[in-house]
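Asker: The structure follows.
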Amino acid sequence: MIPYGKQDINQADIDAVLGVLRSDFLTQGPKVPAFEQVVASHVGAEHALAVNSATSALHIACLALGLGQGDWLWTTPVTFVASANCGLYCGAKVDFVDIDPETYNLCPRALEVKLERAAKEKCLPKVVVVVHLCGQPCNMEAIGILAKKYGFKVIEDASHAIGGKYQGEFIGNCRYSDITVFSFHPVKIVTTAEGGMAVTNDANLADKMNLLRSHGITREPTHMTQEPDGPWYYQQVDLGFNYRMTELQAALGVSQMERLDAFVARRHQLATRYDRLLVDLPILLPWQHPDSYSGLHLYVIRLKLGSIRRSHREVFESLREQGIGVNLHYIPVHTQPYYQAMGFQAEDFPQSMAYYQEAISLPMFQGLTENQQDDVVSALRNALAGE
Ligand SMILES: *Cc1c(COP(=O)(O)O)cnc(C)c1O
């Protein structure tokens, strides 16, 4: 089976992890701050907090922004459940904004319409989580203008987008957002096995997230309510979690970051090749923003169901039977049973549902060979022809 995504591990990565195993610190040593420094300087953010997953990063980002009971978090239905669940973890309510049919990202026009209504009904969101689906950046400028006008905070869920650029600058510089979150799960662009990071330019938010990722405990006298009792002293000043990243993970992350730009460049080569090989098929190819550089975590096609005799499911099953590990990103979150129980109807977000009925993620990862890619293309040809 050719998977849809796969990590790329070389000898330098292995040596980096072995080096940590032989060192004094398996956790809470020098590698985590080194990894944070590498990511922060690569993406152009002032502060970076490494944690054990992007899900944890989203949680502490929401808490740092003050999200709590009675507040609303809005996000896109076409994302992994974590982009919405982080609101529920904080006791907030979650709602969705439909996608733009061209970019598949949260639609700024739909957002504006929903904000106008929410302003009248006095239920504006406190936090909006935007997701750079497939690595394609959202229209951050438009979202930033709405954030100022309506007073909400913006988290960029850039789990798909490290190494990508928006308006010529790396995603993660938080020019139009408060916090950006990355995932280092093995299917993502760079990996630490499990792992995530929150980056921000706001020192106050960074301090809060730093506390929350490690039990709400501080050893920093200036953050304490009294003079330390002695050199052993620490204080718990908030209710935090153990969301720390290990030294092994951070060392792997530092080593992977050296190849980030090459990884994304390779993904672009593969995408360009797919575009060329698939051009005559009855499918919609992924749209690429002319002024952006996608991280290209995913290569999603949409079937033109009116032009083929096969159903979406038949094409998908045929690809799997032919050894192509295609996937579907994502089942719209509002259709999950846990969210349906909150009263969402599938038809509340029609563009997301239309996308779901046609989308298939083809294999896309830096180690995909051209031979494998040719196999994917011929399997897709077969599947669409119904063989
Ligand atoms: C993978 C992913 C997450 C969760 O990442 P973890 O590191 O596995 O917690 C969140 N949001 C999106 C969009 C993702 O793709």
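The values are calculated or read from the model by the stated rules, or taken from the named source; none is laboratory data. Quick caveat, the model's predicted, so the values are computed rather than measured. Don't worry about glycine lacking a Cβ; one is built from the backbone with ideal geometry, like all the others, and counts go over all protein chains shown. We work out accessible area using only protein heavy atoms, side chains counted, and drop any ligands, DNA or RNA first. Shrake-Rupley method; radii C 1.70, N 1.55, O 1.52, S 1.80 Å.
Asker: Rank E169, E194, E227 by accessible area, highest first, at a 1.4 Å probe radius?
Answerer: E227, E194, E169
Asker: Please report the antiparallel percentage of the DSSP beta bridges confined to the chain, to the nearest 5.
Answerer: Antiparallel: roughly 60 percent of the beta bridges in the chain.
Asker: How far is the Cα center of the range 82-155 from the Cα center of the range 164-195, in Å?
Answerer: Cα centroid of the range 82-155 versus Cα centroid of the range 164-195: 18 Å apart.
Asker: Tell me the Kirkwood hydrodynamic radius of the range 260-385 in angstroms, computed as one over the mean inverse distance between distinct C-alpha pairs.
Answerer: 15.8 Å
Asker: A further question follows. Evaluated at 10 °C with a viscosity of 1.306 mPa s, what Stokes-Einstein diffusion coefficient in µm²/s does the range 101-245 have when Rh comes from the Kirkwood expression over alpha-carbon pairs?
Answerer: Translational D for this selection: 92 µm²/s.
Asker: Sorted by accessible area (1.4 Å probe), largest first, how do R109, R213 line up?
Answerer: So, going from the largest accessible area down, we get R109, R213.
Asker: How far apart, in nm, are the 7 Å Cα→Cβ label points at V237 and K304?
Answerer: Rounded to a tenth, the inter-label distance reads 6.1 nm.
Asker: Over the Cα atoms, compute the radius of gyration (one decimal) and Dmax (the largest Cα-Cα distance, rounded to a whole number) for the chain, in Å.
Answerer: 21.5, 76
Asker: If you roll a 1.4 Å probe over the range 1-151 with all protein chains in place, what percent of the accessible area is carbon or sulfur?
Answerer: Summing carbon and sulfur atoms, their accessible area is 54 percent of the total for the range 1-151.
Asker: On full extension of the chain, what length is gained from R109 through S378, given 0.36 nm per residue of separation minus the C-alpha to C-alpha distance?
Answerer: 93.0 nm
Asker: Place +1 on the Cβ of every Lys and Arg and -1 on the Cβ of every Asp and Glu in the chain, take the dipole about the Cα centre, and give the residue among L146, S214, Q351 whose Cα lies farthest towards its positive end.
Answerer: Comparing the listed Cα positions along the dipole, Q351 ranks first.
Asker: Say each of E370 and K122 gets a label point 7 Å from the Cα, pointing the same way as Cα to Cβ; how far apart are those two points in nm?
Answerer: With each label point 7 Å from Cα toward Cβ, the separation is 6.5 nm.
Asker: Rolling a 1.4 angstrom probe over the protein heavy atoms, how many square angstrom per residue are accessible across the chain?
Answerer: That works out to 43 Å² per residue.
Asker: Over the heavy atoms of Y89, what accessible area does a 1.4 Å probe trace out, to the nearest 10 Å²?
Answerer: Using a 1.4 Å probe on the heavy atoms, I get roughly 110 Å².
Asker: Excluding residues fewer than 8 places away in the same chain, name every one of the lysines whose C-alpha is closer than 27 Å to that of K93.
Answerer: Within reach: K114, K120, K122, K126, K148, K149, K153, K208.
Asker: Using only the alpha-carbon atoms, how far is helix 108-120 inclined from the longest principal axis of the chain? Give it as 0 to 90 degrees, nearest 10.
Answerer: 50 degrees
Asker: Oh, and also: Quote the relative contact order of the chain in percent (integer), defining contacts as alpha-carbon pairs under 8 Å separated by 6+ residues.
Answerer: Relative contact order for the chain comes out at 23 percent.
Asker: Here's a follow-up. If you line up the long axis of helix 370-385 against the longest principal axis of the chain, both from Cα atoms, how many degrees apart are they, to the nearest 10?
Answerer: Helix 370-385 sits roughly 60 degrees off the main axis of the chain.
Asker: If R0 is 56 Å, what FRET efficiency do you get for D207 and E321 from their C-beta distance, rounded to 0.05?
Answerer: With R0 = 56 Å, the Cβ-Cβ based efficiency is 0.60.
Asker: Rounded to the nearest 10 degrees, what's the angle between the helix 140-150 long axis and the longest principal axis of the chain, both from Cα atoms, 0 to 90?
Answerer: Compared with the principal axis, the helix lies near 50 degrees.
Asker: In terms of the Cα gyration tensor, with a ≥ b ≥ c the square roots of its eigenvalues, is the range 1-95 rounded because a/c is under 1.5, prolate because a/b exceeds b/c, or oblate?
Answerer: Prolate, since a/c reaches 1.5 and a/b exceeds b/c.
Asker: W287: accessible area at probe 1.4 Å, nearest 10 Å²?
Answerer: The accessible area comes out at roughly 80 Å².
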